[in-house]
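The values are calculated or read from the model by the stated rules, or taken from the named source; none is laboratory data. Note that the structure is a prediction, hence the values are computed from the model and not measured. Counting neighbours? That spans all protein chains shown, and the Cβs are built from the backbone with ideal geometry, glycine included. Accessible surface is based on the protein model in full, side chains and every heavy atom, while ligands, DNA and RNA are left aside. Shrake-Rupley method; radii C 1.70, N 1.55, O 1.52, S 1.80 Å.
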Amino acid sequence: PPEEVEDASEPTKRDRSHLENTLKLNEDKPADDFSGALQRLRKIYHTSIKPLEQSYRYNELRQHEITDGEITSKPMVLFLGPWSVGKSSMINYLLGLDDTPYQLYTGAEPTTSEFTVIMHGPKLKTIEGIVMAADSARSFSPLEKFGQNFLEKLIGIEVPHKLLERVTFVDTPGIIENRKQQERGYPFNDVCQWFIDRADLIFVVFDPTKLDVGLELEMLFRQLKGRESQIRIILNKADSLATQELMRVYGALFWSLAPLINVTEPPRVYVSSFWPHEYHPDTHKDLFLKEEISLLEDLNQVIENRMENKIAFIRQHAIRVRIHALLVDRYLQTYKDKMTFFSDGELVFRDIVEDPDKFFIFKSILAKTNVSKFDLPNREAYKDFFGINPITSFKLLSQQCSYMGGCFLEKIEKAITRELPDLLGSIGLGKKPNVLSCDITGCGETPKNRYRKP
């Protein structure tokens, strides 16, 4: 009908005051200064965690090196999802970039083919991926390992916006179903994994008019395993459907995601329309606005807890490094026990790597200390790991001690059980004490030997 055409030419913009209020964009209060705590965190990492990480080449197992840029970086919010679900429009809307020269390009076709990092800067400008990766002060230098093809698909945009003083957004290329990895020319899943491992909040965005959970999306959810508490699912463009239809889609979305996310507490789903135009008439405006405000509160929470999250992240990393070191130590000990003067080292070791359960390698780690079976790495990963790093190139943990420096294992255990929780406690002093309960961060546990009689 002709009146719609007329309407579409100049859609009215909605009021943005709730955005400014919820995200506290008008407040002039200085950002919390955590520089002292960050220095301590760096020191704990470099003295107590990194030596063990390097000695047992943890980076070859998880491809996760922590740079100083990463320790001091701002929280990162990652936008993932199929193409054309409104990821870029949502970022434009949150930052008020619409109708400015720097709005992210949006449209019905797959438009974003790059990983776009939107960060704070004194004036609007774009930065080439090659430049971003070369700058070691930024937290993106490790991305160089994905090659030149990828760096051409990485772009940075600096925007002088208050919100970006406290957080960085990353827009990703839409997931295009029935599309092969090779067509992208770089390891898309590995790059996604790199960002997922570092994101403080992950928005997985869907368009209710075309829910298509296919293979690439399934791959993505497999990669999100273990990051459930960071995931928020967004049913965007919600005002484009009638209520009843929307309810059906909401159900269908959960149904198709259920097998992919098996956790006791499902991720929070936000149903709204994240773009600057007014909601369609005759839709649940109030509901959509409330949902949008709770999403903004969620985002604000992550910004305010950034230091806690950073410490928890380093602690999680330390726990994984420690488990890896214990496992390599166990493999090595088993190898030494099995070797005799006449045996062929390679054959002996192949036997152990092929069937670690026969030698109780993983079981013995679980019995040893507070290791959760959910934190144990995959057995297959160790076949590859030892394929590149011969077992004979490692030392036993008991030999990794020095008179002055103490033992690597003791230092990392002290960091996990005492130093990092203490640091967490010290920054919580000015805050509400209940935020920092150990229920959330699990900071207090000490290694237990469950096999010792009480």
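Would you say Val5 is aliphatic (A, V, I, L, M), modelled with pLDDT under 85 and open to solvent by 70 Å² or more (accessible area, probe 1.4 Å)? Outline the logic, then answer.
Values: aliphatic (A, V, I, L, M): yes; modelled with pLDDT under 85: yes; open to solvent by 70 Å² or more (accessible area, probe 1.4 Å): yes.
In short, yes.
Assuming Arg232 fulfils every condition listed in (1) modelled with pLDDT of 80 or more; (2) in a helix (DSSP H, G or I) apart from one, which condition is it?
Of (1) modelled with pLDDT of 80 or more; (2) in a helix (DSSP H, G or I), only one is false for Arg232: (2).
Sort through Ile361, Ile311, Ile391 and tell me the only one that's closer than 30 Å to Val167 by Cβ and outside the structural domain of Gly226 (by the TED database). Before the answer, list the steps.
On the way: Ile361 fails: closer than 30 Å to Val167 by Cβ; Ile391 fails: closer than 30 Å to Val167 by Cβ.
Just a single option satisfies the conditions, and that option is Ile311.
Looking at (1) assigned by the TED database to the domain that holds Cys407; (2) in a helix (DSSP H, G or I), can you tell me which one Thr340 breaks?
Every listed condition holds for Thr340 apart from (2).
Check whether at least one residue in the stretch 337-345 is free of Cβ contacts under 8 Å to residues at least 60 places away in the same chain, of a type in the set (A, V, I, L, M, F, W, C) and crowded, with 18+ Cβ neighbours inside 10 Å, and report yes or no. Walk me through how you get there before you give the answer.
Our first condition is that a residue be free of Cβ contacts under 8 Å to residues at least 60 places away in the same chain; within the stretch 337-345, this holds for 337-345.
Now drop any that are not of a type in the set (A, V, I, L, M, F, W, C), which leaves 339, 341-342.
Then keep just the ones that are crowded, with 18+ Cβ neighbours inside 10 Å; that gives none.
Within the stretch 337-345, none of the residues are free of Cβ contacts under 8 Å to residues at least 60 places away in the same chain, of a type in the set (A, V, I, L, M, F, W, C) and crowded, with 18+ Cβ neighbours inside 10 Å.
Is it true that Leu327 is buried (at least 20 other Cβ atoms within 10 Å of the Cβ), at pLDDT 90 or above and at negative phi?
Against the criterion (buried (at least 20 other Cβ atoms within 10 Å of the Cβ), at pLDDT 90 or above and at negative phi), Leu327 does not qualify.
Here's a check for you: in the stretch 65-85, which residue that is part of a loop (DSSP other than H, G, I, E, B) and open to solvent by 10 Å² or more (accessible area, probe 1.4 Å) is modelled with the highest pLDDT?
Only one residue tops the list, namely Lys74.
May I ask you to list the residues in the stretch 221-239 that are in contact (Cβ under 8 Å) with a residue 40 or more places away in the chain and within 10 Å of Arg268 (Cα to Cα)?
Listed by number, the residues that qualify are Arg232, Ile234.
Going through the stretch 293-305 one residue at a time, which ones are open to solvent by 30 Å² or more (accessible area, probe 1.4 Å) and of a type in the set (Val, Ile, Thr)?
Passing the criteria: only Ile293.
Please identify the pairs in which a residue from the stretch 387-400 that is in contact (Cβ under 8 Å) with a residue 24 or more places away in the chain and closer than 14 Å to Pro51 by Cβ has its Cβ atom under 6 Å from the Cβ atom of a residue that is open to solvent by less than 100 Å² (accessible area, probe 1.4 Å) and not hydrophobic (A, V, I, L, M, F, W, C), counting only partners at least 6 apart or on another chain.
Leu397/Asp329
Hey, any hits in the stretch 399-406 for a residue that's open to solvent by less than 40 Å² (accessible area, probe 1.4 Å), part of a helix (DSSP H, G or I) and touching a helix residue (DSSP H, G or I) at 6+ places or on another chain (Cβ under 8 Å)? I'd like the intermediate steps shown before the answer.
Within the stretch 399-406, the subset open to solvent by less than 40 Å² (accessible area, probe 1.4 Å) is 400, 405-406.
Within this subset, residues satisfying the condition of being part of a helix (DSSP H, G or I) are none.
Scanning the stretch 399-406, I find no residue that is open to solvent by less than 40 Å² (accessible area, probe 1.4 Å), part of a helix (DSSP H, G or I) and touching a helix residue (DSSP H, G or I) at 6+ places or on another chain (Cβ under 8 Å), so the answer is no.
Of the numbered conditions (1) within 20 Å of Tyr58 (Cα to Cα); (2) more than 23 Å from the chain's Cα centre (by Cα), Asp357 satisfies every one except a single condition; which is it?
(1)
When you scan the stretch 281-303, how many residues do you find that are free of Cβ contacts under 8 Å to residues at least 60 places away in the same chain and assigned to a helix (DSSP H, G or I)?
So in the stretch 281-303, the residues free of Cβ contacts under 8 Å to residues at least 60 places away in the same chain come out as 281-288, 290-291, 294, 301.
This time we only want the ones that are assigned to a helix (DSSP H, G or I), so: 285-288, 290-291, 294, 301.
Total meeting the criteria: 8.
Taking the residues in the stretch 346-387 that are under 28 Å from Arg315 (Cα atoms) and in a loop (DSSP other than H, G, I, E, B) as candidates, determine which candidate is most open to solvent (accessible area, probe 1.4 Å).
So, considering only residues that are under 28 Å from Arg315 (Cα atoms) and in a loop (DSSP other than H, G, I, E, B), the one most open to solvent (accessible area, probe 1.4 Å) is Phe360.
Yes/no matrix, rows are residues, columns are (1) within 30 Å of Glu413 (Cα to Cα); (2) crowded, with 17+ Cβ neighbours inside 10 Å:
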position: Leu224; (1), (2): yes, yes
position: Ser256; (1), (2): no, no
position: Ser272; (1), (2): no, yes
position: Pro281; (1), (2): no, no
position: Asp286; (1), (2): no, no
position: Glu291; (1), (2): no, yes
position: Met307; (1), (2): yes, yes
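Return the residues of the stretch 226-249 that are crowded, with 17+ Cβ neighbours inside 10 Å and either farther than 23 Å from Leu296 by Cα or of a type outside the set (Lys, Arg) (or both); say none if nothing qualifies.
Gln230, Ile231, Ile233, Ile234, Leu235, Asn236, Ala238, Asp239, Leu241, Leu246, Val249
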